[in-house]
Amino acid sequence: MSSFDDPRSRESEETAFDAERLERAGKLEEARALCARAALLEEVVTADVPPSQPRIKMVLATSSIALWVRAAKFERALALVRHYIAIGAATEEDLAELAEQIRSRWVVPTEIGAPGQLDEMAQTYWDAREDVEWKRTRGGDDATQQGLSGLEQLWRKLSDKDLAAISFELMSIDASLDRTGEFLFEEPLPQDVADMGPRTGR
Amino acid sequence: MGAYAVAIATVHDHGFEVRKRIFHGSGADLVMVRRGEPDGNIVRLEVSGIADAGSVGARVKGKLDQLERGDLKGPGFAVVVRFKAAEIRASAHE
């Protein structure tokens with residue numbers, strides 16, 4: 001049986017279809033709740049797709065993130081983008097459009113602290129993910145495979161607060177990398193030009 | 001949904017089997033495989049339906065652009081269905 005025939009995948013498809021009907025009827029809150037249910041089902045199926053079916057895994061991974069975006073659960077969607085890239089389910093290029101959508105729409109909740117303040121579970125996951133990414137960069141496939149199952153287990157233990165903190169951390173790092181680029185090229189970024197006024201850009 | 005039904009029947013006639021409706025950055029479309037091939041050999045299917053007015057060619061081009069830009073890379077098909085006003089007459093004979 002292919003992962004496309006998995007009953008949870010079928011249920012996700014039907015739930016997403018119901019969500020679309022609610023969206024069209026203007027029942028946005030109910031639609032989002034159904035999208036979140038569909039997204040979670042798709043996410044669970046994605047985790048169960050064996051590495052020997054990379055294309056199917058990538059399709060389902062993309063679909064689960066897109067459904068989280070439709071559910072307006074941007075913090076989970078953004079953390080999941082990085083998670084899927086780390087486990088090799090997708091590449092940055094595969095998920096670029098979705099990542100951009102999330103970054104432009106997510107408003108960081110005020111209760112999230114400053115960058116660099118992750119709770120214990122979030123920090124454990126973060127370290128494990130960085131370890132897998134580092135080993136992947138160095139081409140250590142065997143070591144990476146060992147770390148992947150541990151990473152998947154840790155992912156399931158993350159709370160919504162952990163996910164929000166992780167996503168905030170990811171956004172902060174991206175912003176600081178942008179700033180480094182700006183410094184290196186001595187050129188203000190377009191949004192800074194807008195912030196500081198048109199004279200800055202001349 | 002009418003356009004989806006016509007598109008699925010069309011690609012079926014061309015030897016493809018639609019496997020799943022999936023979501024991505026630009027919206028949603030279908031994934032299919034050539035009949036008899038494994039599910040890993042995914043081909044995307046972009047579907048659109050238009051009313052009587054409007055250019056089918058322009059919509060196909062737009063859909064092909066969407067396939068090019070979308071998050072899911074790889075081969076794909078675009079199917080655009082134009083719905084013209086249908087006329088149905090029925091009468092009874094006693």
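The values are calculated or read from the model by the stated rules, or taken from the named source; none is laboratory data. Keep in mind that this is a model prediction, so the values were computed, not measured. Here Cβ is always computed from backbone atoms with ideal geometry, including for glycine, and neighbour counts include all displayed protein chains.
Picking from A:Ala47, A:Ala36, which residue would you name as being touching a residue at least 60 places away in the same chain (Cβ under 8 Å) and of a type in the set (A, V, I, L, M, F, W, C)? Talk me through it step by step, then tell me what you get.
Values: A:Ala36 fails: touching a residue at least 60 places away in the same chain (Cβ under 8 Å).
Criteria check complete, one pass: A:Ala47.
I'm checking my understanding of the structure. Among residues of the range A:147-159 that are surrounded by 13 or more Cβ atoms within 10 Å (Cβ to Cβ) and part of a helix (DSSP H, G or I), which one is modelled with the lowest pLDDT? Full working, then the answer.
Taking the range A:147-159 and keeping what is surrounded by 13 or more Cβ atoms within 10 Å (Cβ to Cβ), we get A:147-148, A:150-152, A:154-155, A:158.
Then keep just the ones that are part of a helix (DSSP H, G or I); that gives A:147-148, A:150-152, A:154-155.
Working: A:Gly147: 81, A:Leu148: 84, A:Gly150: 87, A:Leu151: 90, A:Glu152: 89, A:Leu154: 93, A:Trp155: 94.
Among residues in the range A:147-159 that are surrounded by 13 or more Cβ atoms within 10 Å (Cβ to Cβ) and part of a helix (DSSP H, G or I), the one modelled with the lowest pLDDT is A:Gly147.
Among the residues of the range A:45-54, how many are crowded, with 16+ Cβ neighbours inside 10 Å and either of a type in the set (Val, Ile, Thr) or within 8 Å of chain B (Cβ to nearest Cβ) (or both)? Let's see the steps before the verdict.
Here is the first cut: in the range A:45-54, the residues crowded, with 16+ Cβ neighbours inside 10 Å are A:45-47, A:49, A:53.
Right, trim to either of a type in the set (Val, Ile, Thr) or within 8 Å of chain B (Cβ to nearest Cβ) (or both) and you get A:45-46, A:49, A:53.
Number of matching residues: 4.
Report, by residue number, each residue of the range B:24-61 that is in a strand (DSSP E or B) and on the phi > 0 side of the Ramachandran plot.
Taking the range B:24-61 first, the residues in a strand (DSSP E or B) are B:24, B:27-34, B:43-50.
The answer is B:Gly27, and nothing else.
Name every residue in the range A:57-99 that is of a type outside the set (Gly, Ala, Ser) and in contact with a strand residue (DSSP E or B) (Cβ under 9 Å, 6 or more places away or on another chain), in order of residue number. First the steps, then the outcome.
Our first condition is that a residue be of a type outside the set (Gly, Ala, Ser); within the range A:57-99, this holds for A:57-60, A:62, A:65, A:67-70, A:73-76, A:78, A:80-85, A:87, A:91-95, A:97-98.
Passing the criteria: A:Val59, A:Leu60, A:Thr62, A:Ile65, A:Leu67, A:Val69, A:Arg70, A:Glu97, A:Leu98.
Please count how many residues of the range B:35-56 are surrounded by 13 or more Cβ atoms within 10 Å (Cβ to Cβ) and in contact with a Phe, Trp or Tyr (Cβ under 9 Å, 6 or more places away or on another chain).
8
From the list B:Val43, B:Val33, B:Val56, which one is β-branched (Val, Ile, Thr) and within 25 Å of A:Gln101 (Cβ to Cβ)? Outline the logic, then answer.
Working: B:Val33 fails: within 25 Å of A:Gln101 (Cβ to Cβ); B:Val56 fails: within 25 Å of A:Gln101 (Cβ to Cβ).
Criteria check complete, one pass: B:Val43.
Identify, from the list A:Arg138, A:Arg76, A:Arg82, A:Arg70, the residue that is of a type in the set (Lys, Arg) and without any contact (Cβ under 8 Å) to a residue 12 or more places away in the chain. Give the derivation first.
Values: A:Arg76 fails: without any contact (Cβ under 8 Å) to a residue 12 or more places away in the chain; A:Arg82 fails: without any contact (Cβ under 8 Å) to a residue 12 or more places away in the chain; A:Arg70 fails: without any contact (Cβ under 8 Å) to a residue 12 or more places away in the chain.
Only one candidate qualifies: A:Arg138.
Suppose we filter B:Leu67, B:Leu72 for residues that are modelled with pLDDT under 85, touching a strand residue (DSSP E or B) at 6+ places or on another chain (Cβ under 8 Å) and part of a loop (DSSP other than H, G, I, E, B); which single one remains? So that I can check it myself, show each step before the final result.
Numbers: B:Leu67 fails: part of a loop (DSSP other than H, G, I, E, B).
Only one candidate qualifies: B:Leu72.
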